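The values are calculated or read from the model by the stated rules, or taken from the named source; none is laboratory data. Since we're looking at a predicted model, the values are computed, not measured. All Cβ positions, glycine included, derive from the backbone under ideal geometry; neighbour counts span all protein chains shown.
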């Protein structure tokens, strides 16, 4: 067996690198969509913030608005992941290129490369959201623990990738994937503490939150950013975040490898 050189490593990761580059290029190609998003986002933010302010005592508004700012950023990350990755295999199937992707590289690494678009979108809209909340509402935008925030963000991305890829591998043979995403995304975000902090959820939803692998990395991100308490003990939650991210990545690879095998054997219909 030959030595595992940097060149061989680069060749092995080539599908992910090509996918990452192409996704970023495609993302910036549709500038009109970006502009529309940047214009409409403040309107949605003001709609929700003003509704919260109607019922909140003045003493709690600053803390709630700060938490809400991060909720919008988390929502953007998960939403971009579920729509981009969740629809990825379906789009490949519709374009008739899924067999080509499998034949020329790894389907898993190709999907992994799509994280570049999710990261790009989250960073752009995240900075935009922070700037808007700071200028328009005077929200405290400091991050309590930057290192923990970055580490937990990486685990959250891994968990989002795993969840969305598993969904994509299960649903890609159906025509109504977009409808399924619409039905799925908001219940998942609510039950996983993405929209609201997990520790303030009602007891019934907390049971679901504890079982969700998405809960812990997002809960850690929120705690690292705002200093809010975590749902569980910090050290336990960090361990669970790491385990859930690793588990979701490994499980998603199993599901995607299963799609590869089925496609190569011709077991999956062209379009359902």
From the options 202, 217, residue that is within 24 Å of residue 60 (Cα to Cα) and either more than 15 Å from the chain's Cα centre (by Cα) or modelled with pLDDT of 90 or more (or both): 202
Would you check if residue 162 is part of a loop (DSSP other than H, G, I, E, B) and either free of Cβ contacts under 8 Å to residues at least 24 places away in the same chain or crowded, with 16+ Cβ neighbours inside 10 Å (or both)? no
Of all residues being crowded, with 20+ Cβ neighbours inside 10 Å and touching a helix residue (DSSP H, G or I) at 6+ places or on another chain (Cβ under 7 Å) in the range 91-100, which is modelled with the lowest pLDDT? Just the residue, please. 98
Give 179, 224, 209 a once-over and let me know the one that is within 18 Å of residue 238 (Cβ to Cβ) and more than 17 Å from the chain's Cα centre (by Cα). 224
When the range 186-195 is checked residue by residue, the ones that are crowded, with 20+ Cβ neighbours inside 10 Å and part of a helix (DSSP H, G or I) are 189, 191
Can you name the residue in the range 113-122 that is over 10 Å from residue 76 (Cβ atoms) and part of a helix (DSSP H, G or I) and, of all such residues, is modelled with the lowest pLDDT? 113
It is to be established whether one or more residues within the range 63-74 are at pLDDT 80 or above and more than 21 Å from residue 226 (Cα to Cα). no
